[in-house]
Every structure is written in C-alpha cells, then in structure tokens.
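Asks: I am attaching a structure below and will ask some questions about it afterwards.
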Amino acid sequence: MAAVGDLQFEEFGNAAATAAENPGATTISIEGPGESPTHQAGLPRGSGGEEDDELLGNDDSDKTELLAGQKKSSPFWTFEYYQTFFDVDTYQVFDRIKGSLLPIPGKNFVRLYIRSNPDLYGPFWICATLVFAIAISGNLSNFLIHLGEKTYHYVPEFRKVSIAATIIYAYAWLVPLALWGFLMWRNSKVMNIVSYSFLEIVCVYGYSLFIYIPTAVLWIIPQKAVRWILVMIALGVSGSVLAMTFWPAVREDNRRIALATIVTIVLLHTLLSVGCLAYFFDAPEMDHLPTATAAPNQTVAAAKAS
C-alpha cells in the first residue's frame with residue numbers, strides 16, 4: 001500500500017491527445033470559475049436547439065404551417081371546401097356584431113373585422129333569425145291592432161315566413177353579387193381601386209342586417225311614429241356601415257360614379273327596411289271587413305226585390 005507521502009498530483013497533457021491514445025477512457029475537465037465552458041468540436045451546436053424548437057414550436061414553424069394551410073384548398077364539390085366558410089368562433093361573431101352596431105368613423109369594417117377570416121356562419125344565422133323575427137312580429141302586431149274587435153278572427157299567416165325568407169335572402173345574396181360584379185368591372189377600368197371578394201361583401205351585408213332583429217321585435221308596438229323612428233335609427237346605423245365600408249372601394253373612381261354607387265347602396269337598403277315595415281306591419285287587413293259590409297248589400301238587394 002502506498003504511503004501518504006508517495007501520493008502526488010500529476011499534470012496530464014492535452015485531453016484530446018489522451019482521448020486519442022485511450023479511446024475507452026473517461027476524462028473529466030475541471031474548469032476555473034472565470035473560464036467559460038468549451039464545446040467539443042465533434043458535437044453540432046444546433047442539434048439540441050432544433051429538438052427544442054420541434055417540441056415547443058417557434059414563430060417560424062407556426063408561420064410555415066399557417067402558410068402551408070392557406071395554400072391547401074379543397075375542391076368545391078367537397079364538404080371541406082364549404083366547411084372553411086363556417087370556421088369561426090363565437091368571439092369573432094360577437095365582435096363583428098358589435099362592430100356592425102357601433103360603426104367607427106374612419107374605420108373600414110372589412111379590414112377591421114372581416115378580412116382576417118370572412119365567414120358565412122354569422123350572415124346565415126342573422127338572416128334566418130331576422131326572417132322569423134319579422135314574420136312572428138308581423139303576426140303579433142296584426143293581432144294586437146285588432147284585439148278586442150268582435151268581427152275580427154285571428155288567423156296565423158304562415159306565408160309571411162316564406163315571403164320574408166325570400167326577401168331577406170335574396171337581398172343578402174343578389175345585391176352583394178351585383179355589387180361585387182360592378183366593383184370587379186370598375187377595378188378593370190381604374191387600377192388603384194380597393195377590391196373586395198364576394199365572400200367579404202356577403203359578410204358585410206349579413207352583419208349589417210343584425211340591427212333589424214331587435215328593430216323588428218320593437219315594431220310590435222302599435223304606434224306608427226315609434227315604428228318610423230326605429231326604422232330611421234336602424235337604417236342610419238346599418239347604412240353607415242355599408243357606406244363607410246364601400247366608399248374606399250369607389251372613391252378613386254370617377255366622382256359621379258362613386259357617389260351614384262353609394263347612393264344606390266343606401267337606397268336599396270332603405271327600400272328593404274321600409275318595404276318590410278309597410279308589408280308586414282302596416283298592411284291593411286281585409287279579413288274582417290266583408291262581415292261588416294254584408295248587411296248594407298243585403299238591405300239594398302231586399303229593397304230592389306220588393
């Protein structure tokens with residue numbers, strides 16, 4: 001057994017040379033506090049970082065996946081193609097409804113709410129809700145107006161549902177289609193016109209109709225003055241959304257054409273609101289009139305016979 005005095009420290013040479021002489025040997029490097037750790041030349045430095053990025057995900061990988069997802073498009077005859085039009089969450093729908101109720105001057109509704117992810121979910125259900133709101137409120141309004149009259153017999157008018165559906169959905173699809181075609185035509189004439197896709201225009205029109213849902217419910221009030229005040233409020237809010245959205249798309253065009261386009265958009269919107277009020281709520285009901293007018297006719301006939 002070696003004595004304590006025989007033990008002494010020895011300085012070895014280069015660790016790399018020692019490892020080369022003894023490949024199976026294990027070496028430990030003790031470094032001072034002021035020295036920075038050194039990497040062995042044989043190990044790639046980026047291998048660990050790449051594995052961490054794959055596990056945790058980084059911005060570059062997220063952007064790549066996003067772009068890759070955007071480039072993929074399914075054929076139009078598949079269910080996946082139409083599923084993308086309804087790929088929207090509740091927060092986005094509520095945010096767009098709020099934007100349609102509180103238009104901000106100088107802010108474009110498409111760029112602020114729609115362009116990131118245009119959808120058909122909100123416009124479809126807004127139009128469906130508006131159809132039933134107008135039909136049911138119209139029936140209730142007719143019932144309340146003639147409530148208490150002995151000659152009046154209430155009969156539900158289910159045809160109002162189909163009529164309202166035809167009017168609302170035709171307006172929400174045909175008008176955007178015509179406007180989209182017009183903007184595409186003018187875009188070929190004037191190169192710097194702001195362009196909107198057909199889906200974006202349908203989305204704007206659909207969300208702009210939301211304010212008419214509570215308005216149709218309040219139209220039950222049997223006061224013409226109140227109804228017309230509600231029409232003007234709803235028309236002012238929704239019409240301003242449309243005007244502020246499509247004005248940037250035509251302002252670079254000829255001045256007369258730009259103004260005529262905006263005026264036409266507002267007039268069609270006015271025609272829809274006023275037409276719904278006049279047909280479903282202010283239409284004269286003739287169901288109970290023949291009972292009241294039968295007696296004079298019978299009296300005249302009896303007088304002639306005598």
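Asks: Among the candidates Leu209, Leu199, single out the residue that is of a type in the set (A, V, I, L, M) and at pLDDT 95 or above. Write out each step before concluding.
Replies: Working: Leu199 fails: at pLDDT 95 or above.
Criteria check complete, one pass: Leu209.
Asks: What do you reckon, is Gly236 crowded, with 19+ Cβ neighbours inside 10 Å, among the small types (Gly, Ala, Ser) and part of a helix (DSSP H, G or I)?
Replies: no
Asks: Taking Ser100 as meeting all but one of (1) among the small types (Gly, Ala, Ser); (2) closer than 21 Å to Tyr169 by Cα; (3) surrounded by fewer than 16 Cβ atoms within 10 Å (Cβ to Cβ), write down the number of the exception.
Replies: The failed condition is (3).
Asks: Give just the number: which of (1) open to solvent by 30 Å² or more (accessible area, probe 1.4 Å); (2) assigned to a helix (DSSP H, G or I); (3) under 28 Å from Asn117 (Cβ atoms); (4) small (Gly, Ala, Ser) does Gly206 not satisfy?
Replies: Failing condition for Gly206: (1).
Asks: Same structure again: Take Arg111 and decide whether it is open to solvent by 80 Å² or more (accessible area, probe 1.4 Å) and under 25 Å from Leu259 (Cβ atoms).
Replies: Values: open to solvent by 80 Å² or more (accessible area, probe 1.4 Å): yes; under 25 Å from Leu259 (Cβ atoms): yes.
The answer is yes for Arg111.
Asks: Still on this structure, I have one more. Look through the stretch 129-141, keep the residues that are touching a residue at least 12 places away in the same chain (Cβ under 8 Å) and open to solvent by 10 Å² or more (accessible area, probe 1.4 Å), and return whichever of them is farthest from Ser197 (Cα to Cα).
Replies: Here the residue is Leu140.
Asks: Could I ask something else about it? Hey, can you tell me all the residues within the stretch 209-227 that are touching a residue at least 12 places away in the same chain (Cβ under 8 Å) and part of a helix (DSSP H, G or I)?
Replies: Tyr212, Ile213, Thr215, Ala216, Val217, Leu218, Lys224, Arg227
Asks: Condition first: without any contact (Cβ under 8 Å) to a residue 40 or more places away in the chain, of a type in the set (A, V, I, L, M, F, W, C) and either open to solvent by less than 50 Å² (accessible area, probe 1.4 Å) or outside any helix (DSSP H, G or I) (or both). Now tell me which residues in the stretch 239-265 satisfy that.
Replies: Leu242, Ala243, Ala258, Ile262
This table checks each residue for (1) on the phi > 0 side of the Ramachandran plot; (2) modelled with pLDDT under 95; (3) open to solvent by less than 80 Å² (accessible area, probe 1.4 Å).
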residue	(1), (2), (3)
Tyr152	no, yes, yes
Pro156	no, yes, yes
Tyr169	no, no, yes
Leu174	no, no, no
Asn187	no, yes, yes
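Asks: Another one. Exactly one of these conditions fails for Arg111: (1) more than 29 Å from Tyr81 (Cβ to Cβ); (2) within 25 Å of the chain's Cα centre (by Cα); (3) of a type in the set (Lys, Arg). Give me its number.
Replies: It fails just one condition, (1).
Asks: Also, quick follow-up: Is there a residue being of a type in the set (Ser, Thr, Tyr) and outside any helix (DSSP H, G or I) anywhere in the stretch 161-168?
Replies: no
The values are calculated or read from the model by the stated rules, or taken from the named source; none is laboratory data. Fair warning: this is a prediction, and the values are worked out from it, not measured in the lab. Please note: Cβ atoms are built from the backbone with ideal geometry, for glycine as well, and neighbour counts cover all protein chains shown. Heavy atoms of the whole protein, side chains included, go into the accessibility calculation; ligands, DNA and RNA do not. Shrake-Rupley method; radii C 1.70, N 1.55, O 1.52, S 1.80 Å.
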